[in-house]
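Presented below is the structure to which this report refers.
We did not get these values from a lab; they are worked out from the coordinates using the rules stated. This structure is a prediction, so every number in the text was calculated from the model and none was measured. No Cβ is skipped: glycine too gets one built from the backbone with ideal geometry, and neighbour counts run over all protein chains shown.
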Amino acid sequence: MALNKERPIQAVNWDDQSDDSYQALSKAEMDALRQAKPKSFASINGWRIVASQGVLTLIIGSFCYFFSESSERVVYTYSALVGGLIGFLPSALFLVRLEVAKKNVKSNPGGYLAAVVSGEFLKILVTVLLFIGFALKQPDLKWIPLLVTYLATLKCYLLVWFWK
């Protein structure tokens, strides 16, 4: 690959503060901004996400029950419910881990970061173990409703964020 000699490379001075793309606000300005736009600063309750995942699991399970053939109705519904369980159980465990860590956040702020990392590890581990366990113990599961419900529960994070 040849260098373009007609156009010289310009050095970027990162310490140059002439760019007005951001502005540091004082505490009073931030408080005024929070009062003017309270929805922009509202945090999302994690339990609301888990509840929406549970509700969505029941809705998809109901659709599978009512719109599948009568001979396969139970298997499709069970598969959808298992997919939802794999979606929201690890999320609930992650939230429980964070709730336990919140009690000690003032005495050990680094402990909360460790709780987030260990909670994510726990969430991934439980998800993989649930997939493997159900695949081995329940070979008659239908994978399409299971995966559709699992992926729908993952999209609840966006759904609750948009409703915020």
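Ellipticity at 222 nm from helices only: DSSP H runs of n ≥ 4 in the chain, each -39500 (n - 2.57), divided by the residue count, give -23000 deg cm²/dmol. Compute the helix-to-body angle for 109-137: its Cα long axis versus the longest principal axis of the chain, expressed 0 to 90° and rounded to tens. Relative to the chain, helix 109-137 is tipped by roughly 30 degrees.
Axis angle, to the nearest 10 degrees, between helix 73-102 and the longest C-alpha principal axis of the chain: 40 degrees.
Ranked for footprinting exposure by Cβ neighbours inside 10 Å, fewest first, CYS156, CYS64 give CYS156, CYS64.
Full extension of the segment from VAL55 to LYS103, taken as 0.36 nm per residue of separation minus the current Cα-Cα distance, would add 14.4 nm. Taking the fewest neighbouring Cβ atoms within 10 Å as the starting point, the ordered list for LEU89, LEU146 is LEU89, LEU146. In a Gaussian network model over the chain where Cα atoms closer than 10 Å are linked, find which of ALA92, ALA24, ALA114 has the largest mean-square fluctuation. Evaluated over the chain, the most mobile residue of the options is ALA24. Residue pairs exceeding 27 angstrom between C-alpha atoms, taken from LYS102/LYS137; LYS39/LYS102; LYS39/LYS155; LYS37/LYS123: LYS102/LYS137; LYS37/LYS123.
Extension gain, ALA135-ARG34: 0.36 nm per intervening residue step, less the Cα-Cα distance, totals 31.5 nm.
Inter-part distance, region 23-101 to region 131-158, computed on C-alpha centroids, equals 16 Å. Taking Cβ atoms as reference points and 15 Å as the exclusive limit, the residues near ALA101 contribute a net charge of +3, counting Lys and Arg as +1 and Asp and Glu as -1.
Loop-located chymotrypsin sites (Phe, Trp or Tyr not before Pro) in region 22-53 (DSSP state not H, G, I, E or B) with no more than 13 neighbouring Cβ atoms inside 10 Å: TYR22.
Seen against the Cα atoms of the chain and their longest principal axis, helix 143-154 is set at about 40 degrees.
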